[in-house]
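Structure first, commentary second.
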Amino acid sequence: MSNEQWVLLTPPLEPAEAEILQGLLEAQGFTVYLAREGAGRALGLTVGPLGQAQLYVPASQKEAAEQVYHDFLRGTFAAQRDEEASPGE
């Protein structure tokens, strides 16, 4: 097991958003750790401080992972609707 330091990638996120971003990062080859407040998870909370999640990545991947995170926030990975993808049909 690596002794590499894990660093915070995101501010607190809603759990669903954090899981989507985690999947996006993992699909691109990043190692990601999703941290959620234990009490909030046990109680099923999805809002407020107990319902938030944060993503961590190894320090060596932080710079590249931050770029993906910022692209995610800009909507770079958003799916186009059919009428946007095929103009003129």
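The values are calculated or read from the model by the stated rules, or taken from the named source; none is laboratory data. The structure presented is a predicted model; accordingly, all values stated were derived computationally and were not measured. Glycine gets a Cβ as well: all are built from the backbone with ideal geometry, and neighbour counts include every protein chain shown.
Test THR76 against the criterion of being modelled with pLDDT under 95 and outside any helix (DSSP H, G or I), and give yes or no. Against the criterion (modelled with pLDDT under 95 and outside any helix (DSSP H, G or I)), THR76 qualifies. For the range 8-24, a residue qualifies if it is surrounded by fewer than 14 Cβ atoms within 10 Å (Cβ to Cβ) and either touching a Phe, Trp or Tyr at 6+ places or on another chain (Cβ under 7 Å) or among the basic types (Lys, Arg) (or both), and exactly one does: LEU8. Cβ-Cβ distances below 9 Å connect the following pairs, each with a first residue in the range 66-82 that is among the β-branched types (Val, Ile, Thr), a second residue that is assigned to a helix (DSSP H, G or I), and a separation of six or more residues or different chains: VAL68/LEU21; VAL68/LEU24; VAL68/LEU25; THR76/VAL68; THR76/HIS70.
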